[in-house]
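Novice: Structure in structure tokens, see below.
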Amino acid sequence: MKNEVHCLISAGPTREWLDPVRFISNPSSGKMGYALANAAKARGLKVTLVSGPVTLPCPTGVDRILVNTAFEMQEVMGQHFPASSLTIMTAAVCDQRPKVFHEQKIKKDKVSEIIELVPNPDILLSLGKHKRIDQILVGFAAETENHIAHAKIKLQQKNLDWIAVNDVSGNQAFESDDNQLTLISNHGQSIIFEKEDKISLAKKILDLVYP
Ligand code: C5P
């Protein structure tokens, strides 16, 4: 359809492989991103969900693209970003990856000698650099201290319209069905949501970022 509004959402963790049987990752469940994809679909948007490895089923009517590494996620996000009016990056992208991928399984007595990490690209930062005036870009941040101050810095650095930040000092948010968020805009608005389930939270976030 011609006049469809495109929405691009990333979700879940990335995996950064050391050898064919070992990777670095994190416990992201993808629930927040999948809830946003459902909510965006329910509003009639054409949703592309770029998802790292999670156990959740593909939301009905959503175009899901499965990825594994941060590089794969970067490539797919970059392809779909220009057509997207609303882009939301909830994915827990691994900040680092092993410097070398070993084609053969590393012998266990050698693993600790071999792990050397290098930084991964910051996908959201590069999307922010290419953002047009007609596009809305939303990031997520998980912080363990000074979460509002740190989130405001990321909002500016990554050229975002909104950032949703949660305090993960107790590590509650990752696999939970509930979340407690503060949504901050680049116009200085700050909305604190009470702890609630990610499905209703997703609807409220969309009401604010894409009214
Ligand atoms: O800087 P920090 O990792 O806290 O920023 C979190 C936000 O940046 C999230 O929206 C996450 O999806 C995104 N991110 C990214 N690429 C990275 C790291 C984080 O897009 N390498």
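The values are calculated or read from the model by the stated rules, or taken from the named source; none is laboratory data. Just so it is clear, the model here is predicted, and its values are computed rather than measured. Heads up, the Cβs are rebuilt from the backbone with ideal geometry, glycines too, and the neighbour counts pull from every protein chain shown. Only protein heavy atoms, including side chains, enter the accessible area calculation; ligands, DNA and RNA are left aside. Shrake-Rupley method; radii C 1.70, N 1.55, O 1.52, S 1.80 Å.
Novice: How large is the accessible surface per residue of the chain, computed with a 1.4 Å probe and reported in Å² as a whole number?
Specialist: 53 Å²
Novice: At what distance in angstrom do the alpha carbon centres of the range 84-132 and the range 1-25 lie from each other?
Specialist: 11 Å
Novice: Highest GNM mean-square fluctuation, the chain, Cα pairs closer than 10 Å: which of 19, 109, 177?
Specialist: Comparing 19, 109, 177 in the GNM, the peak value goes to 109.
Novice: With point charges of +1 on the Cβ of Lys and Arg and -1 on the Cβ of Asp and Glu, referenced to the Cα centre of the chain, which listed residue (53, 133, 121) lies farthest in the positive direction of the dipole?
Specialist: Of 53, 133, 121, it is 133.
Novice: Next question. Could you work out how far helix 147-157 tilts from the main Cα principal axis of the chain, as a 0 to 90 degree angle to the nearest 10?
Specialist: 90 degrees
Novice: Given the C-alpha atoms of the chain, compute the convex hull and give its volume per residue in Å³.
Specialist: 133 Å³
Novice: Still on this structure, please answer the following. Under 20 Å from a label point 7 Å along Cα→Cβ of residue 111: give me every residue in the range 4-38 with its amide N that close.
Specialist: 14-28
Novice: Please report, as a whole percent, how much of the solvent-accessible surface of the chain comes from carbon and sulfur atoms (probe radius 1.4 Å).
Specialist: 52 percent
Novice: To check you understand DSSP bridge types, tell me what percent of the beta bridges within the range 1-91 (both residues inside) are antiparallel, rounded to 5.
Specialist: Taking every DSSP beta bridge with both residues in the range 1-91, the antiparallel ones total about 20 percent.
Novice: Would you please give the FRET efficiency between residue 143 and residue 204, computed as 1/(1 + (r/R0)^6) with r the Cβ-Cβ distance and R0 = 22 Å, to the nearest 0.05?
Specialist: According to the calculation, E is roughly 0.60.
Novice: So, one more: Mind giving me the nanometre distance, one decimal, between the label points for residue 178 and residue 132, set 7 Å out from Cα along Cα→Cβ?
Specialist: Calculated label separation equals 4.2 nm.
Novice: What are the GluC sites (Glu not before Pro) within the range 110-170 that DSSP puts in a loop, where the Cβ has at most 12 other Cβ atoms within 10 Å?
Specialist: Hits after loop and neighbour filter: 116, 145.
Novice: Within the range 1-99, which trypsin sites (Lys or Arg not before Pro) sit in a loop by DSSP and count at most 12 neighbouring Cβ atoms inside 10 Å?
Specialist: When the trypsin sites (Lys or Arg not before Pro) of the range 1-99 are filtered for loop state and at most 12 Cβ neighbours within 10 Å, 2, 99 remain.
Novice: Subtracting the Cα-Cα distance from 0.36 nm times the residue separation, let me have the gained length for residue 195 to residue 65 in nm, one decimal.
Specialist: Contour length minus the Cα-Cα distance gives 43.8 nm.
Novice: Using +1 on the beta carbon of Lys and Arg, -1 on that of Asp and Glu, and nothing else charged, what's the dipole of the chain about the Cα centre, debye to 20?
Specialist: 440 debye
Novice: Helix 70-80 versus the longest principal axis of the chain: what is the Cα-based angle in degrees, 0 to 90, to the nearest 10?
Specialist: 30 degrees
Novice: Count neighbours as other Cβ atoms within 10 Å of each site's Cβ, and list the GluC sites (Glu not before Pro) in the range 162-211 that are DSSP loop with at most 13 such neighbours.
Specialist: 175, 194
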